[in-house]
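The values are calculated or read from the model by the stated rules, or taken from the named source; none is laboratory data. Remember, predicted model here, so these are calculated numbers, not experimental data. Every residue, glycine as well, gets a Cβ built from its backbone with ideal geometry; the counts of neighbours run over all protein chains shown.
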Amino acid sequence: MTEPTALALRLAVFGIVSALVQIAGISQIPVLGVNADLSPLIVASIGLLAGSGPGALAGFGVGMFIDLALAQTLGISALLLVPIGYAAGRLRELRDPSHTLVPLALGAAASFAFAAGFGILQLMLGVGAPVSILVLRDILAVTLLGAILALPVHALAARVAGRGGSARGAPARSRRPRAYATGGLSPLSTSGRR
Amino acid sequence: MPDKRVRRRRAVLGGLVGLSLILLTAYVGESLGGPFHSLQRGVVAVLTPIQDGASRVLKPARDLVSWVGDTLHAKSENAQLKKQRDQLLRQTVGARAAQAENRQLKALVGLDGASGLGRYGTVAARVIGRSPTVWYSTLEIDKGSGDGIHAGQPVVSGAGLVGKVTQTTGSSAIVTLISDHTSGVAAKVLDRAGDPGIVVPQVGTPGSLLIQTLPPRANVRAGDPVVTAGTRSARYPSLFPPNIPIGTITTVSADELSLSQQAHLAPVVDLRRLDFVQILTRPAAGATAQAAR
């Protein structure tokens, strides 16, 4: 088995196991009146570690899995997680962030985007009950929980991907500036050319 | 070469977003028996044993986190409970007299005194999964059509109403909670007039419900219990048997009551912390009895 295939498999298993832990465990523990949502964190971490293509694919896979397993409206999570994974991957490709707190900021942004986007889509699809303004508080609480959990989730994803614990997973000294829009920055694609 | 990669990357993004939109549109447009709903039921059936195992394995961790949270809230809750205890003690004295009176009246009209839920054919189930968002208040339980569970059956916990079954597979079912935006329950307030209304959720506040369409001159007060109304008209039978506790009125504003004909209530069941529930597999027993009266 080639290295990119093995990496893709490891990340796929990581995504599925994390989604199961989310559904069977994390979703049943209310903190600050809401439940933490790991799915945007997982997708953002994969995007940050592996690039925009794998990030978008992970977003689609994790989103579909969650929608199918929870009998939610099919495609709604995938529709939101695909851009999140892609954007995280693009951040890696364009900015090459090295700060250790990048996953925290990215996790918070991904959680906020997912929670707010979910609300907007749900409102567009129609909600048959009054919507309280407190839903904004819930979105902020989910964002805060996402920020708290982002670093451990990213560290776990980096370990699964077989990389160190820095922002994009590679040791800092081996990093070098990347060109814009080369598209070949993902370990899935670079390894294949070796 | 880079252009080709850029195009491919954008094509992947566009393709996946497009596919998600197509799936979303098709899913919303199809009926419950459609291919995507069937696929969903199939996946739920396959994942049920895995989720069940994961739920059991993760229970100690869930309990630990819940214990920490509960301990932090214990002090404030203690003072509140003491206040409630004093209030309940006063109410108990009146309730005992009313209970004795009730027994006598029931004997007079020849009604069966047993009001437990056992007659509805209860089936106990373990909660093995739940949705993380505030927009979907659903649970997954480890009992399904193989155990006599069908869509539309009411779900209760020890304290009161939880929701209803909305989808089933052979070994699992999806329960939509009364805090879900699609839920609406015919209810009555146990005040002097027994004012009827419909209990609906308030999205964003899972710890609070609304009772709407109250009569304009309803004399509802904070502390009044709210229970299911059961079937009031044979033309529109209710899924829920009568007199299952739903919650207690928390806030009544005169303006809100006269303008919107609604009041706020707190559910008796902590819908965010449910490990076991009961499904009423013969709810019609209660509905029929109510309709016959």
Per the filter on the stretch A:76-97, residues surrounded by fewer than 24 Cβ atoms within 10 Å (Cβ to Cβ) and either within 8 Å of another protein chain (Cβ to nearest Cβ) or among the hydrophobic types (A, V, I, L, M, F, W, C) (or both) are A:Pro83, A:Ala87, A:Leu91, A:Leu94
Exactly one of A:Leu48, A:Leu57, A:Leu81 is in contact with a Pro (Cβ under 9 Å, 6 or more places away or on another chain) and over 29 Å from B:Thr166 (Cα atoms), and that one is A:Leu48
Within the stretch B:116-144, restricting to residues that are without any contact (Cβ under 8 Å) to a residue 24 or more places away in the chain and away from every other protein chain (no Cβ under 14 Å), the one that is nearest to A:Ala69 (Cα to Cα) is B:Gly118
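Could you tell me which residue of the stretch B:156-182 is farthest from B:Gln261 (Cα to Cα), considering only residues that are hydroxyl-bearing (Ser, Thr, Tyr) and surrounded by fewer than 21 Cβ atoms within 10 Å (Cβ to Cβ)? Walk me through how you get there before you give the answer.
If we filter the stretch B:156-182 for residues that are hydroxyl-bearing (Ser, Thr, Tyr), which is where we start, we get B:157, B:166, B:168-169, B:171-172, B:176, B:179, B:182.
Now narrow it down to the ones that are surrounded by fewer than 21 Cβ atoms within 10 Å (Cβ to Cβ): B:157, B:166, B:171, B:182.
Details: B:Ser157: 29, B:Thr166: 29, B:Ser171: 42, B:Thr182: 20 Å.
In this case the residue turns out to be B:Ser171.
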Only one of B:Arg41, B:Arg85, B:Arg96 is basic (Lys, Arg) and surrounded by 12 or more Cβ atoms within 10 Å (Cβ to Cβ), namely B:Arg41
Of the residues in the stretch B:1-36 that are more than 7 Å from every other protein chain (Cβ to nearest Cβ), of a type in the set (A, V, I, L, M) and more than 39 Å from the chain's Cα centre (by Cα), the one that is farthest from A:Ile76 (Cα to Cα) is B:Met1
By residue number, the members of the stretch B:38-81 that are hydroxyl-bearing (Ser, Thr, Tyr) and facing chain A (nearest Cβ under 7 Å) are B:Ser55, B:Ser66
Filter the stretch A:31-50 for residues that are more than 18 Å from A:Arg159 (Cβ to Cβ) and at pLDDT below 90; the one that is farthest from the other protein chains (Cβ to nearest Cβ) is A:Leu32
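Of the residues in the stretch B:158-187, how many are assigned to a loop (DSSP other than H, G, I, E, B) and under 9 Å from the mean Cα position of the chain (by Cα)? Steps first, answer last, please.
Of the stretch B:158-187, the ones assigned to a loop (DSSP other than H, G, I, E, B) are B:158-160, B:169-172, B:178-184.
Going one step further and asking which of them are under 9 Å from the mean Cα position of the chain (by Cα), we end up with B:160, B:178-180, B:183.
Residues in the stretch B:158-187 being assigned to a loop (DSSP other than H, G, I, E, B) and under 9 Å from the mean Cα position of the chain (by Cα): 5 in total.
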Scanning the stretch B:212-240 residue by residue, the ones that are within 14 Å of the chain's Cα centre (by Cα) and in a strand (DSSP E or B) total 3
